[in-house]
1. Straight distance only, please: which aspartates and glutamates reach the Cα of K223 with their own Cα at less than 17 Å, same-chain residues fewer than 8 apart left out?
2. Excluding residues fewer than 8 places away in the same chain, name every one of the lysines whose C-alpha is closer than 16 Å to that of K293.
3. Of the listed pairs K117/K278; K196/K216; K122/K148; K240/K289; K122/K216; K201/K257, which have alpha-carbon separations greater than 29 Å here?
4. Pick from M290, M208, M118: which residue has the top mean-square fluctuation in a GNM of the chain where Cα pairs under 10 Å get a spring?
5. Given that just one value was derived from the coordinates, which of [x] 6, 26, 32, 24, 10, 1; [y] 5, 20, 24, 21, 18, 10, 2, 0; [z] 5, 17, 16, 10, 8, 10, 10, 8, 8, 6, 2, 0 is P(r) over Cα pairs in 10 Å bins from 0, in percent?
6. List the Cys residues of the chain that have no partner Cys with a C-beta closer than 4.7 Å.
7. How large is ³J(HN,Hα) for each residue in the stretch 51-58, as worked out from phi by the Karplus curve 6.51 cos²θ - 1.76 cosθ + 1.60 (θ = phi - 60°), to whole Hz, x for Gly and Pro?
8. Using R₀ = 22 Å, calculate the FRET efficiency as 1/(1 + (r/R₀)^6) where r is the Cβ-Cβ separation of H297 and K257; round to 0.05.
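Nothing in this text is a laboratory measurement; each read-out follows from the coordinates by a stated rule. Everything quoted here is computed from the prediction, not taken from an experiment. Please note: Cβ atoms are built from the backbone with ideal geometry, for glycine as well, and neighbour counts cover all protein chains shown.
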Amino acid sequence: MEKKEVVFRIKRFNPKRDSEPYYQEYRITVPKGMTILEALHVIKDEIDPTLAFRSFCRSAICGSCAVKVNGFPKLACKTQVFSELDKFGTDTLTLEPLDNMEVIRDLIVDWDKPLKKMEEMKPYLIPDPSVVPSTLDEETRVYPEELKKYDRFTDCILCTSCFSACTAAQMDEGYGGPFQLARVYRFAVDKRDALKEERAKIGYAYDMWNCVRCEKCADVCPKHVGPVDGIMRLRGLSIKVGLKDNPGARHVFAFYKSILESGLLNEVLLPLRAKGIKGVLENLPVGIKMILKGKAHSPIMRPIAEHENLVKVMKAAMEVE
């Protein structure tokens, strides 16, 4: 069996003893097929019993073993050491606790902050009495085409990897968070739920428009849930229930109107249409630089050659959606 000498550079911190975090290196022999979690157990059992990390199921279901491996959130029980060595072309792996949460000790973070926020957003079924029977003698039938709307979002295991990678969660205390908002959408399209599309108002209250669509949450999700997709759909529902008088919704309409008019994005009119005069003033310094460098186009744009066909495709896509 193939084996390698691997250096694990682990970020350590015990708030009861340490004034600052520090890195400690451990060198162990790793056979091919060993996971990050198995390597952590070898270090704890054979080298340093003071090393603290969290784990439970070892089956990529509980989500408790999530850590950063060379800067990327991963499930330690699912991630093989050799694959990470090959990916980075190194014999050293740096393990760190997840971001955006307080470190309890070493690789263990405090989940209270993201989970408390999720709890506030009511991510559970509130039965609609017109759909859900009042007794256990009957069942609510959910057909495949109905389940398809939210099935992917039920795969979330609350590992908080997406929350760790989310810059919006880092910068905005009022932002709901990727997995939290995706769960709100999951129930918003569940026919058994009493709130249904009204849940979009919860998403609005928790700054869902502050998501910048960087896709990091989708990149690091070990279950390929893609929370950003749920957030985008929740935004659409918010417009549907009448939450249109806000910069986010106006930005969407500005994009749509621009494409309908010419088939191109009119960046000159976008700030005005999304934020009014305030938007123009905010973007004025950038606009002046673009004009001076000859990169600002005219606010009047000619339609592209295939504009009519593009409009037909857009309208057809909206009907399917």
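1. Answer for K223, where 17 Å is the Cα cut-off: D151, D155, E215, listed by chain and number.
2. none
3. Working: K117/K278 32 Å; K196/K216 27 Å; K122/K148 22 Å; K240/K289 37 Å; K122/K216 24 Å; K201/K257 24 Å.
Over 29 Å Cα-Cα: K117/K278; K240/K289.
4. Judging by the Gaussian network model, the answer is M290.
5. Given [x] 6, 26, 32, 24, 10, 1; [y] 5, 20, 24, 21, 18, 10, 2, 0; [z] 5, 17, 16, 10, 8, 10, 10, 8, 8, 6, 2, 0, the structure-derived one carries the label [y].
6. Taking the Cβ cut-off of 4.7 Å, the unpaired cysteines of the chain are C65, C77, C156, C159, C166, C211, C214, C221.
7. Once rounded to whole Hz, the list reads 5, 10, 8, 10, 7, 8, 6, 6.
8. Working: r = 16 Å, r/R0 = 0.75.
According to the calculation, E is roughly 0.85.
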